[in-house]
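One structure below.
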Amino acid sequence: MNYILFDGTVRNALLPFTFTRPVADIRIGILTIREKWEKYLGSTTTTLTEEYLSVKYPMVEMEENVMINASFLPNEILSELVKNLEKNQAIFKGDEVVAFYTNETQDEVDFDSYEIIEFNQECLTVEHTWEIFAKNDAAIREDFDLITEDRTSQPIPKSVNVIAPENIFIEEGAKLEYVTLNASTGPIYIGKNSEIMEGSVIRGPFALCEEAQVKLATKVYGATTVGPHSRIGGEVNNSVLMGYSNKGHDGFLGNSVLGEWCNIGADSNNSNLKNNYEEVKLWSYESENFAKTGLQFCGLMMGDHSKCGINTMFNTGTVVGVSTNIFGSGFPRNFVPSFSWGGASGFTTYMTNKAFQTAKIVMSRRHVDFTEEDAKILEHVFEETKKYRKE
């Protein structure tokens, strides 16, 4: 069967992360949503997403297809339902379509003519940016079971101070000595060729993905994912770095999400709790205003290719767009539009030629090419977000 993941109704609620990727390629837990579905289905997937993303993330349509709403994270029960879908059948959870069977001759899908299968079981969903960190605890646990089933971990080095070793899985090539791992509070996954440097103290659930690194004497409080080729240091709590991003120095990052190719300068900090302990509001690209999150703890949402200088301070519930460059003293405002250059004293436009030049240098350090496709995606984001910048 041909499986296609589509963005669904939540795409705008997941900006700025979905400016540069489909919903399916958001990382939560150990794996991206796409990687989860492909493991459960035993099949590759393609994507139905925004037109400007479709060159990099193409859709392959065949005579018969199953369309899957990427905001739903798979589990064993749901994935079996999806694999057993037949013609003119659709799976719904409440009013939201989860998956449906279609063919290439159908111009439109009329669910009134479909047999509706109600999915009443529990499953994780990602419908808002803050849910990426808020549901990361549960997502790590599910991915850990999925990835490690019927597999044997590499041995834990003798110098490691360990609690609940049965909840720790170490992949081939990982390096760790003289660190403390406490997996009594949740599983700890240490990916292929990753490294945890000496003196670090980590409390699960925690995921260190392939080629990622924990710097010397880092403190991690759990429910944290360090995506592939990322670096963390200092103090980190309940945060997700999707991949290729660095928070390599002292400073606090909590209840936050960083996209790819981000860099947090030394001694930078984010607030994750308001002084008056009130509910945190975040900038919403849907309402173009600040919206309630229902959370007391909520930190920084930073889109791809954004950077901040040393000693940067982020207020509680700050949203930073794509390709921003933040520096200087004081707190920048709680919503920094894409392609902004500056800080608390004000912003100018970060022009694409300069942004692309930086992206090429940064990506080449990880032996990744900045492609023409990447440039066109960022050019589209630049134009789409003009209205938020004071030109």
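Counting the residues of segment 296-330 that are modelled with pLDDT of 95 or more and assigned to a loop (DSSP other than H, G, I, E, B) gives 19. For segment 121-145, the candidate set comprises residues that are polar (S, T, N, Q) and out of contact with any Gly (no Cβ under 9 Å at 6 or more places or on another chain); within that set, the residue that is farthest from ARG34 (Cα to Cα) is GLN121.
Across segment 306-325, the number of residues qualifying as hydroxyl-bearing (Ser, Thr, Tyr), open to solvent by less than 10 Å² (accessible area, probe 1.4 Å) and either more than 18 Å from PHE356 (Cβ to Cβ) or out of contact with any Ser or Thr (no Cβ under 8 Å at 6 or more places or on another chain) (or both) comes to 2.
Condition test on LYS83, is it within 19 Å of the chain's Cα centre (by Cα) and touching a residue at least 60 places away in the same chain (Cβ under 8 Å)? Spelling it out, it is not the case that LYS83 is within 19 Å of the chain's Cα centre (by Cα) and touching a residue at least 60 places away in the same chain (Cβ under 8 Å). Out of the residues in segment 213-231 that are hydrophobic (A, V, I, L, M, F, W, C) and either without any contact (Cβ under 8 Å) to a residue 24 or more places away in the chain or in a strand (DSSP E or B) (or both), which is surrounded by the fewest Cβ atoms within 10 Å (Cβ to Cβ)? In this case the residue turns out to be LEU216.
Considering segment 357-371, the residues that are open to solvent by 50 Å² or more (accessible area, probe 1.4 Å) and outside any helix (DSSP H, G or I) include one that is farthest from TYR52 (Cα to Cα), namely ARG365.
Within segment 260-280, restricting attention to residues that are farther than 18 Å from GLY317 by Cα and small (Gly, Ala, Ser), the residue that is farthest from the chain's Cα centre (by Cα) is ALA266.
Residue by residue, here is whether (1) touching an Asp or Glu at 6+ places or on another chain (Cβ under 9 Å); (2) over 26 Å from GLY299 (Cβ atoms); (3) of a type in the set (Phe, Trp, Tyr); (4) surrounded by fewer than 18 Cβ atoms within 10 Å (Cβ to Cβ) holds:
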| site | (1), (2), (3), (4) |
| --- | --- |
| PHE327 | no, no, yes, yes |
| ARG333 | no, no, no, yes |
| SER340 | no, no, no, no |
| ALA344 | no, no, no, yes |
| ALA355 | no, no, no, no |
| GLU373 | no, yes, no, yes |
| LYS376 | no, yes, no, yes |
| HIS380 | yes, yes, no, yes |
| TYR388 | yes, no, yes, yes |
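Scanning segment 182-193 for residues that are touching a residue at least 24 places away in the same chain (Cβ under 8 Å) and either under 24 Å from HIS249 (Cα atoms) or of a type in the set (D, E, K, R) (or both) turns up TYR189, GLY191. Pairing residues of segment 268-290 that are aromatic (Phe, Trp, Tyr) with residues that are surrounded by 15 or more Cβ atoms within 10 Å (Cβ to Cβ) and part of a loop (DSSP other than H, G, I, E, B), at Cβ distances under 6 Å and at least 6 apart in sequence or on separate chains, gives TYR285/LEU15. In summary, ALA223 fulfils each of the numbered conditions (1) within 22 Å of LEU73 (Cα to Cα); (2) more than 21 Å from the chain's Cα centre (by Cα) with the single exception of condition (2).
Listed by position, the strands (runs of 3 or more DSSP E) inside segment 51-161 whose residues that are open to solvent by 80 Å² or more (accessible area, probe 1.4 Å) and over 30 Å from PRO205 (Cβ atoms) number at least 2 are 115-118.
The values are calculated or read from the model by the stated rules, or taken from the named source; none is laboratory data. Remember, predicted model here, so these are calculated numbers, not experimental data. Note that we place each Cβ from the backbone using ideal geometry, even for glycine, and neighbour counts take in every protein chain shown. Heads up: the accessible areas ignore ligands, DNA and RNA and are worked out on the full protein's heavy atoms, side chains in. Shrake-Rupley method; radii C 1.70, N 1.55, O 1.52, S 1.80 Å.
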